[in-house]
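Below is one structure, written out as structure tokens; comments come after it.
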Amino acid sequence: MLINPQINNTFRLLLYTDTIMSTSPIKFVNYTKSSISSLLKKHSNLSANTIKQIQAASHVYPFRANNYVVEKLIDWSNVPNDPIFKLTFPQPEMLLPGDMSDVLSLMKRGQSMDETTHRELLRRQAIQIRKNLNPHPAKQKEMNVPSINGERIAGAQHKYRETLLFFPSEAQWCHSYCTYCFRWAQFTEVGSEQQFKSKDVSQLTQYIASNKQLTDILFTGGDPAVMKTKMWQKYLEPLIDESNKHDLEHLNTIRIGTKSLTYWPYRYTHNDDADDFLRLLERCKLAGKHVTIQAHFTHPQELETPECEEAIRRIRMTGANIRSQAPIIRGINDDSDIWTDMWTKQVGLGIIPYYMFIERDTGPKHYFELPLVRAYEIFKDAVSRVSGVARTVRGPSMSCDPGKVSVMGIINDMMILQFLQARNPEWMKAPFLAKLDKNATWLDDLVPHNEYEDSFFYQQELDQMLDYGVSSGQMTNEMLMSHQDLMIAHAKKNKPVLRYKVNGAHKKEQIYVVDNENDNKMRHGKSKF
Ligand code: SF4
């Protein structure tokens, strides 16, 4: 076994011990839609009718699980209420009643037609339903895709100035799928045509080298942890290669967004290339990059297996950090006790609590969403009952068009909102106020608290950003400043501002900026003709 000579002795000893433990790989057994009936008949007491409905939902939403999830994570004695069961098996209510009865009756018609025709009809029905489910939220296609030398980088998103998201082609799936996944469309036939993905490593390094504002790269997917170590070497080696050192010095942090600690912890213990992967992380660390695993944990039950604990321990031995994040989901983790327990357990295992998200406005949102006010109450209650070291967590946060917006507080009829990340970093400086709305579940449902404003302060700039034809992360200070000056100048003269909307084709529409008494107010107000 090759050991990097720079590793200290204690570390080396632990790695040797671990290598003995991880010499017998555990076989990954993949379960898909066709396994649902037999799995549920074998493990649960669900009625035949419920099983049919779950199968119907799986025609629209992707399903994938594996032997670890089925045998070690789901508590079958607690099904249908078990959180991991709800997390992984499509739930009947994820389909709206009309869609459910359409799919069920089509499933029934299978007895009277040949299999190929039946499958084709189900496929078309599913495509029809998916079209109404907002498959690509938060203008990912229009405003996030960066370009270099006029060429768009299809497998990357550059929304925030410091961070580039990269979607390796080989990571377009996960060890298991989450029912609430906001990238669900990527795993379906409709979405697969629209996937973000790239395997162009030289384009990636060239882009990072020429965008000095970038400090972080986030590998995401699907789940990039499904990639073999050989593939990881292809993507990571150039980032730490001595010959690229000068060009990529500004790249400080390598992030890996993954749910593998929940869905396949053997990736770090028993897979035949587990040790090699850990050594690669360690080499990134030794090359001067901060490595952080952005681990997706939805419920404390995911942290309770010895397999998960062992994987966490081994990752941390490489010098990498693990930060945790998850959305708050009705019926799975919408209880402050769950979050208190989860953050406390995480800190005990050396994980840094990072984000509580609001479920995004896509897919089966009607089933999983809960009001922002409720999410805020749960967050506040949970965070007040953990130690200071767990209060690194932020939220509840919406990843929406302008950035990550968090509910910071509620006073009387006001909701206090603030950016935690923004397309224009300047926006992060100012908290802003919305009218209290107890039913609102997303930023779009909220209106400014000040009744003289018809949109929030960032809206005009956000609309104008669409004009530039580059991802918002690529916008330089000069571009942002000239844009703001332009808005203010127009507002002073009460002149119309042209706004372009990218919506398939370019469309031009005129808006007037309200002529208020000072520049600040001018940037807040607008009226449309
Ligand atoms: S692990 Fe992430 S990308 Fe994969 S299904 Fe779950 S939420 Fe989606």
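Here is how the numbers come out for the structure above:
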| read-out | value |
| --- | --- |
| Test: residue in segment 210-225 that is closer than 27 Å to Thr88 by Cα and of a type in the set (Ser, Thr, Tyr) | yes |
| Qualifying residue in segment 95-111 (condition: in a loop (DSSP other than H, G, I, E, B) and closer than 22 Å to Asn49 by Cβ) | yes |
| Count of residues meeting criterion [outside any strand (DSSP E or B), surrounded by fewer than 19 Cβ atoms within 10 Å (Cβ to Cβ) and in contact with a Leu (Cβ under 6 Å, 6 or more places away or on another chain)] in segment 410-424 | 1 |
| Counted residues, segment 205-230 - those being under 27 Å from Asp272 (Cβ atoms) and crowded, with 17+ Cβ neighbours inside 10 Å | 12 |
| Residue within segment 321-333 that is buried (at least 23 other Cβ atoms within 10 Å of the Cβ) and hydroxyl-bearing (Ser, Thr, Tyr) present | yes |
| Qualifying residue in segment 323-334 (condition: over 21 Å from Ser399 (Cα atoms) and either of a type in the set (Val, Ile, Thr) or part of a helix (DSSP H, G or I) (or both)) | no |
| Within segment 230-274, tally of residues that are hydrophobic (A, V, I, L, M, F, W, C) and either free of Cβ contacts under 8 Å to residues at least 24 places away in the same chain or closer than 16 Å to Thr292 by Cα (or both) | 8 |
| Residue list for segment 346-365, filter: more than 15 Å from the chain's Cα centre (by Cα) and either outside any helix (DSSP H, G or I) or within 28 Å of Thr441 (Cβ to Cβ) (or both) | Gln346, Leu349, Gly350, Ile351, Ile352, Pro353, Pro364 |
| Residue within segment 186-193 that is surrounded by fewer than 17 Cβ atoms within 10 Å (Cβ to Cβ), within 19 Å of Ile256 (Cα to Cα) and either of a type outside the set (S, T, N, Q) or modelled with pLDDT under 95 (or both) present | no |
| Which listed residue, of Glu359, Glu304, Glu377, Glu310, is of a type in the set (Asp, Glu) and buried (at least 22 other Cβ atoms within 10 Å of the Cβ) | Glu359 |
| Any chance Tyr354 is of a type in the set (Phe, Trp, Tyr), crowded, with 18+ Cβ neighbours inside 10 Å and within 25 Å of Trp427 (Cα to Cα) | yes |
| Selection count, segment 261-297, where residues are among the polar types (S, T, N, Q), within 16 Å of the ligand (Cβ to nearest atom) and surrounded by fewer than 24 Cβ atoms within 10 Å (Cβ to Cβ) | 1 |
| Subset of segment 168-185 that is more than 10 Å from the ligand (Cβ to nearest atom) and crowded, with 23+ Cβ neighbours inside 10 Å - its residue that is modelled with the lowest pLDDT | Ala185 |
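The values are calculated or read from the model by the stated rules, or taken from the named source; none is laboratory data. In this text the structure is predicted, and so the values were computed from the model without any measurement. Cβ: placed from backbone, ideal geometry, glycine included. Neighbour counts: every protein chain shown.
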